[in-house]
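The values are calculated or read from the model by the stated rules, or taken from the named source; none is laboratory data. Please read these numbers as outputs of a predicted model, since none were measured by experiment. Backbone-built Cβ (ideal geometry, glycine too); neighbour counts: all protein chains shown.
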């Protein structure tokens, strides 16, 4: 083997030898070496004979002196061994990986089913959908995935608690046993109801958790609320309302609100743009602090999401101690996602810097922001303008005439009064209290009209509304750009060849490949740049 492909930088002390195939049959070029390293189910032996360094999957270690010295070794490392196996056992998955929800059904029925059939869990993007649409998805997914993993998203709705409760009751009605809680700043009554109503005592007098919660968050003060048992005052209220039993309330005080905490870093959609390398260690330390205090029977797992779109990012997350990883933005560019072809093309062209923050439609009045694609759309600028007008004026009528006309003709493409009629029809079914508040307060009325634009902009992106391309709201994080860099020039560079199962498998396979390289690197063995990178197979 040529020494410029595999090199020993520093010899490890010892006198280990290798017995196996003759040196002349060892891999001699980068392609053969890569194939050897990619046989993840087999060990890798790095050997040296007569000044030549080689690599093989076959043979064995020997203590008897021989002509071939053993200078490096790494054992089998298959993709199902990455992360925490208890995650896989709890959620009946083959891999410590799941596809996070993207609202408005972008994380679609097809996406959830495709991943579920392959042994991966995915969370259906229920946020922003009507209860009827969510119920249809529940029935379809349950029928398609008997005994297979899946989850449903529960999006925080501080302005619409009735909707959050209705969706929670749907999940309980249909026996949805795993939910992914997103955008929560505190623990809601609906979340506690879902959690507590699934608690019981098993035959061995141990607490059985029937309803699992995976929470996505990025702040330690929020994590504290989910690492602790549910608030006692909410439990008392639920007992008084006869929604849970006294026993369930007592059991709830012995378990955390969430089974798993997904540390959400620089992701698409709701995000604080936190760096993953800071967040994961901090959350692990916080988790350990709460475990020492409460001594839970099952340790809360900490996973990583946001910024994960390549094998190296996945490896970084696992090396920091993440129990599992979560992908988001990269799945939206796949054929199974509920996104228009125009949107998927824009995503496939995105660079890491082609993202921006914009006001969130679901928490507009609170000033909450989401990360979106800025390439090929004017949505971020237009949404920001709406928020500035909302904060500066107390009513639509107070906005200068020129600004109002510009909004109606260039942004809304519809008159304010006509939009308000649409809002009345929509919220009379979804949440009539919104209309009541708006009729009493003109600022609230203005906010609902602005939210009309913010809400529809993501739907236009999903359906491919032809006259609204410049208004598309496309949730996206920098992971999308990193993924595009990685797959450029390969089959997955074409959006028609991007499938969620392939993306998941390639990220995990590349992660395991790079993991084995790092183990060998730590033993003083260096490879050429071509070997040190994992290309899409």
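Check 141, 113, 106 and return the single one that is modelled with pLDDT of 95 or more and part of a loop (DSSP other than H, G, I, E, B).
When all the criteria are applied, what remains is 106.
Which residues, taken from the range 485-520, are in contact with a strand residue (DSSP E or B) (Cβ under 8 Å, 6 or more places away or on another chain) and over 30 Å from residue 124 (Cα atoms)?
Residues satisfying the conditions are 516, 517, 519, 520.
Inspect all residues belonging to the range 417-431 and state whether any of them is touching a strand residue (DSSP E or B) at 6+ places or on another chain (Cβ under 9 Å) and within 24 Å of residue 158 (Cα to Cα).
Within the range 417-431 (the criterion being touching a strand residue (DSSP E or B) at 6+ places or on another chain (Cβ under 9 Å) and within 24 Å of residue 158 (Cα to Cα)), the answer is no, since none of the residues qualifies.
Suppose we filter 145, 154 for residues that are closer than 26 Å to residue 362 by Cα and not assigned by TED's automatic domain parsing to the domain that holds residue 363; which single one remains?
Just one listed residue meets the conditions, 154.
Would you confirm whether or not the range 282-294 contains a residue that is modelled with pLDDT of 95 or more and buried (at least 23 other Cβ atoms within 10 Å of the Cβ)?
yes
Identify all residues within the range 70-95 that are buried (at least 20 other Cβ atoms within 10 Å of the Cβ), touching a strand residue (DSSP E or B) at 6+ places or on another chain (Cβ under 8 Å) and not in a loop (DSSP other than H, G, I, E, B); write none if there are none.
70, 71, 72, 87, 91
Go through the residues of the range 253-273 one by one and say whether even a single one is farther than 22 Å from residue 123 by Cβ and either outside any loop (DSSP other than H, G, I, E, B) or over 23 Å from the mean Cα position of the chain (by Cα) (or both).
yes
For the range 125-138, which positions are modelled with pLDDT of 95 or more and assigned to a loop (DSSP other than H, G, I, E, B)?
Matches in the range 125-138: 125, 126.
Quickly run through the range 226-248 and pick out the residues that are touching a strand residue (DSSP E or B) at 6+ places or on another chain (Cβ under 9 Å) and surrounded by 16 or more Cβ atoms within 10 Å (Cβ to Cβ).
226, 227, 244, 248
Return the residue satisfying two criteria in turn: it lies in the range 24-66 and is modelled with pLDDT under 85, farther than 13 Å from residue 527 by Cα and touching a helix residue (DSSP H, G or I) at 6+ places or on another chain (Cβ under 8 Å), and of such residues it is surrounded by the most Cβ atoms within 10 Å (Cβ to Cβ).
27
In the range 259-278, how many residues are touching a strand residue (DSSP E or B) at 6+ places or on another chain (Cβ under 7 Å) and more than 18 Å from residue 328 (Cα to Cα)?
1
Can you tell me which residue is nearest to the chain's Cα centre (by Cα) among those in the range 365-379 that are part of a helix (DSSP H, G or I) and surrounded by fewer than 21 Cβ atoms within 10 Å (Cβ to Cβ)?
366
Out of curiosity, is residue 149 closer than 21 Å to residue 208 by Cα and in contact with a helix residue (DSSP H, G or I) (Cβ under 9 Å, 6 or more places away or on another chain)?
yes
Among the residues of the range 156-176, write down those that are surrounded by fewer than 16 Cβ atoms within 10 Å (Cβ to Cβ) and in a loop (DSSP other than H, G, I, E, B).
Selection gives 174, 175.
Out of (1) under 23 Å from the mean Cα position of the chain (by Cα); (2) touching a residue at least 12 places away in the same chain (Cβ under 8 Å); (3) not assigned by TED's automatic domain parsing to the domain that holds residue 435, what's the single condition that is false for residue 497?
Result: residue 497 fails condition (2) only.
Could you please find all residues in the range 145-170 being over 20 Å from the mean Cα position of the chain (by Cα) and farther than 25 Å from residue 451 by Cβ?
145, 146, 147
If you go through the range 316-345, how many residues are assigned to a helix (DSSP H, G or I) and surrounded by fewer than 24 Cβ atoms within 10 Å (Cβ to Cβ)?
7
Determine if the range 129-147 includes at least one residue that is within 18 Å of residue 216 (Cα to Cα) and in contact with a strand residue (DSSP E or B) (Cβ under 7 Å, 6 or more places away or on another chain).
No, that holds for no residue.
Take the residues of the range 295-315 that are on the phi > 0 side of the Ramachandran plot and touching a residue at least 24 places away in the same chain (Cβ under 8 Å): which is surrounded by the fewest Cβ atoms within 10 Å (Cβ to Cβ)?
So the residue we want is 307.
Which one is nearest to the chain's Cα centre (by Cα) among residues in the range 178-203 that are in a loop (DSSP other than H, G, I, E, B) and surrounded by fewer than 16 Cβ atoms within 10 Å (Cβ to Cβ)?
The qualifying residue nearest to the chain's Cα centre (by Cα) is 185.
I'm trying to understand the selection: among the residues of the range 221-252, which are in contact with a helix residue (DSSP H, G or I) (Cβ under 7 Å, 6 or more places away or on another chain) and under 26 Å from residue 89 (Cβ atoms)?
223, 227, 228, 229, 230, 248, 252
Out of all the residues in the range 380-400, is one or more under 23 Å from the mean Cα position of the chain (by Cα), at negative phi, outside the structural domain of residue 110 (by TED's automatic domain parsing) and in a helix (DSSP H, G or I)?
yes
Assuming residue 352 fulfils every condition listed in (1) in a helix (DSSP H, G or I); (2) touching a helix residue (DSSP H, G or I) at 6+ places or on another chain (Cβ under 6 Å) apart from one, which condition is it?
For residue 352, the exception is condition (1).
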